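The values are calculated or read from the model by the stated rules, or taken from the named source; none is laboratory data. What you are looking at is a predicted structure, and each value in this text was computed from that prediction instead of being measured. Cβ placement follows ideal geometry from the backbone for every residue including glycine, while neighbour counts extend to all protein chains displayed. Heads up: the accessible areas ignore ligands, DNA and RNA and are worked out on the full protein's heavy atoms, side chains in. Shrake-Rupley method; radii C 1.70, N 1.55, O 1.52, S 1.80 Å.
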Amino acid sequence: MTEYNETENLTKVILAGVYEPTEDADSEAEFDHSMDELAELARACYFKPIGRVTQKLEHRNAALYLGSGKVEEISQLVKTEEAELVILNDTLTPVQIRNLSKEFGVSVLDRTALILEIFNDRARTREAKLQVELARLQYMKPRLIGMWEKQNRQGGASGSMSSKGEGETQLEIDRRMIDHRLSELRKELKVVERERETQRKKRQNSRIPLVSLVGYTNAGKSTIMNSFVEKYSKDEKKVFEANMLFATLDTTIRRIDADNNKSFLLSDTVGFIQKLPHGLVEAFKSTLEEVKEADLILQVVDYSDEHCKDHMITTEKTVSELGAGDIPMLV
């Protein structure tokens, strides 16, 4: 469980999700696990979950995600519990976010936005900060319209904008600014990627084997890394570790001088999770490609977690998607 102080004045949130039945006998249990995971993600963002509402639907409501009855139930819960935020368990469309925010009278976050908030808070290196900002802006761009919906679209401007309202004009300005910043970020990341490629070539020329730690978030990768560093390295610094989801984002590499003069490089990567936003996978692709360069992949599994087999499947699927499925792997 994520560690945080219950006495702190944390933002109170309500969690909600839709279960869409499938022929898979374990689908409902998987949904329950994803809701538990949503609560952990909320705590990792220093929110305090105070209620959970779920609904079984054949198909999600196109306008509201949930059925109208559940929306009313959550609206009442927001009032009675004085919640400040509602978090949904899936990636919502801009229309769904806008409509739900109106209905609830408070801000709404979907699962993707919540993970982006966590990543934004955890990013430390220049590369991680650039990657997170890129993913956040890509997520925000199609959702800008909700920020300006209250502006008058028929207001009086002059010149070529005369038929457009203040909100629409501001929307266009914001979109142009985001497009400009996205272009800048991609250029900066290209520079960082070239620097990372130069580092990779130096490592390859040194012929020191590379072992890459992979696994589900909070499985214990950083703990394993620090155990190696403590036992076999005098000069290398330990990495940050904490009992929470996505405690570390930045890829770190440490030289391990094991017994019998057997040295190797050990890399620690960002953890995986179910429903990891596509934008984050794309943004972190250059970082995650360290896995493709490994001579050996060491998958770290928290065997005490009752969902560890599902976590292993998610990890192996992600490793395969990164093009590293043929690299030898030890669990």
| said: How tilted is helix 126-140 with respect to the longest principal axis of the chain? Cα atoms for both, answer in degrees (0 to 90, nearest 10). | reply: 30
| the chain - charge dipole about Cα centre, Lys and Arg +1 at Cβ, Asp and Glu -1, debye rounded to 20 | 1580
| task | Evaluate the Debye formula for the chain with equal point scatterers sitting on the alpha carbons, no solvent, and hand back log10 of I(q)/I(0) at q = 0.10 Å⁻¹, in q order, two decimals. | result | -0.69
| request: Kindly express, to the nearest 10 degrees and within the range 0 to 90, the angle between helix 68-81's C-alpha long axis and the longest C-alpha principal axis of the chain. | output: 80
| query | Which of the listed residues, Leu330, Leu130, Ser233, is farthest toward the dipole's positive end in the chain, when Lys, Arg count +1 and Asp, Glu count -1 at the beta-carbon? | reply | Leu130
| request: Could you do me a favour and compute the accessible area per residue for the range 42-88, 1.4 Å probe, result in Å²? | output: 52
| request: Compute the Cα gyration tensor for the range 189-230, then decide on rounded, prolate or oblate, letting a ≥ b ≥ c be the square roots of its eigenvalues: rounded whenever a/c is under 1.5, prolate when a/b is larger than b/c in the other cases, and oblate in all that remain. | output: oblate
| query | Which listed residue (Cys45, Leu288, Gly67) has the Cα farthest towards the positive end of the charge dipole for the chain, taking +1 on Lys and Arg C-beta and -1 on Asp and Glu C-beta about the Cα centre? | reply | Leu288
| said: Sequence gap at least 6, Cα distance under 8 Å: using those rules, report the relative contact order of the range 83-149 to the nearest whole percent. | reply: 32
| For Lys262, which lysines qualify as cross-link partners when the Cα separation must be under 18 Å and same-chain residues fewer than eight apart are set aside? | Lys231, Lys234
| task | For the chain, find the longest principal axis of its Cα atoms and tell me its angle to the long axis of helix 111-122, 0 to 90°, nearest 10. | result | 50
